[in-house]
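Student: The structure that follows is given in the form of structure tokens.
Bear in mind these aren't lab numbers, they're just calculated from the coordinates by the rules spelled out. Values in this document were obtained by computation on a predicted structure and should not be read as measured data. We place every Cβ from the backbone using ideal geometry, glycine too, and count neighbours over all the protein chains shown.
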Amino acid sequence: MRQGPFRAILPLVLASASPRRQAILATQGLCFEVIPSSVKEPLAASGESPEDYAARMACLKGQDIAGRHPDKIVISADTIVVQGGTILGKPRNVAHALDMLASLSGGWHEVMTGFCVLHAHRQVSHCRTVTTRVHMAANTPDMLAAYVATGEPMDKAGAYGIQGIGACLVDEVQGSYTNVVGLPLRSVLNALLEIGAIGVVDAHALAPAP
């Protein structure tokens, strides 16, 4: 792994099978285990806000792993796409993906990632939701159909992936870009630094050899 600006002080576990979350965290030079949570994701409760729902899902996933690894720092996350207060899930089929993208086209929506940093032995539980506003360009039906035909949207909430081909559909992002990809990196790093789970690498260790 390439050395990044941070180092792990305590053992870290990422409770997610998402390759995107793993890649985001790995860019910082942190060593971590990947132990995906298998907890079922219930629907939002009546009256529950999208922000609270995302945080609750992240907490459920994190607690699932932290209970089995109480001596390790567990990082968990859950990302949802929200339009007008309605949570958009993954498309059921091609027609649903096209309908979803058509409704997002030309307007703003929100991407919310709830994340938790947990350490059972130290009774640490840091959970919050980060929100990013995304504006999707007024894409033509032909463009949306061509994008859906790539197959990329079919396993993604909101029917698009900003880190992939779907970047062509988006013209503005307000807030954390990595949050839209699936992990609000700066917020997670701040939480890890606050509890002493990671530290900053000595700059001399990063300097290239003369």
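Student: Dipole of the chain, Cα-centred, from +1 at each Lys and Arg C-beta and -1 at each Asp and Glu C-beta, to the nearest 20 debye?
Tutor: On the way: 16 positive and 17 negative charges, 105 e Å.
The calculation lands at about 500 debye.
Student: Turning to a different aspect of this structure: When 143, 100 are ordered from fewest to most other Cβ atoms inside 10 Å of their Cβ, what list results? Working shown, then result.
Tutor: On the way: 143 15, 100 24.
The order, fewest Cβ neighbours first, is 143, 100.
Student: May I ask for the net charge around residue 115, where only other residues with Cβ less than 14 Å from the Cβ of residue 115 are counted and Lys, Arg are +1 while Asp, Glu are -1?
Tutor: Values: positive: 20, 21, 56, 61, 128, 186; negative: 51, 52, 78, 194.
Result for the local shell: +2.
Student: Set Lys and Arg Cβ to +1 and Asp and Glu Cβ to -1, take the dipole of the chain about its Cα centre, and tell me which of 185, 204, 127 lies farthest positive.
Tutor: 204
Student: Can I ask one more? Over all distinct Cα pairs, what is the inverse of the mean 1/r for the range 6-203, reported as the Kirkwood hydrodynamic radius in Å? Before the final figure, lay out each step's value.
Tutor: Working: mean 1/r = 0.0575 Å⁻¹.
Answer for the range 6-203: a Kirkwood hydrodynamic radius of 17.4 Å.
Student: When the chain is modelled as a GNM with alpha-carbon springs shorter than 10 Å, which of 113, 27, 131 fluctuates the most?
Tutor: The residue that fluctuates most here is 27.
Student: Shifting gears a bit: How high is the relative contact order of the range 6-203, in percent, with contacts defined as C-alpha pairs under 8 Å that are six or more residues apart?
Tutor: On the way: 400 pairs, mean separation 48.2, N = 198.
Across the range 6-203, relative contact order equals 24 percent.
Student: Counting Lys +1, Arg +1, Asp -1, Glu -1, what net charge surrounds residue 19 among other residues with beta carbon under 14 Å of its beta carbon? Let's see the in-between values first.
Tutor: On the way: positive: 20, 21, 156; negative: 152, 155.
Result for the neighbourhood of residue 19: +1.
Student: If the only charges are +1 at each Lys and Arg Cβ and -1 at each Asp and Glu Cβ, what is the size of the charge dipole of the range 1-95 around the Cα centre, to the nearest 20 debye? Kindly include the intermediate steps, with their values, before the conclusion.
Tutor: Numbers: 11 positive and 8 negative charges, 75 e Å.
For this selection, approximately 360 debye.
Student: Compare the peptides 36-45, 86-95 by average per-residue count of other Cβ atoms within 10 angstrom and give them in order, highest first.
Tutor: Numbers: 36-45: 12.7, 86-95: 14.3.
So the order, starting with the most tightly packed, is 86-95, 36-45.
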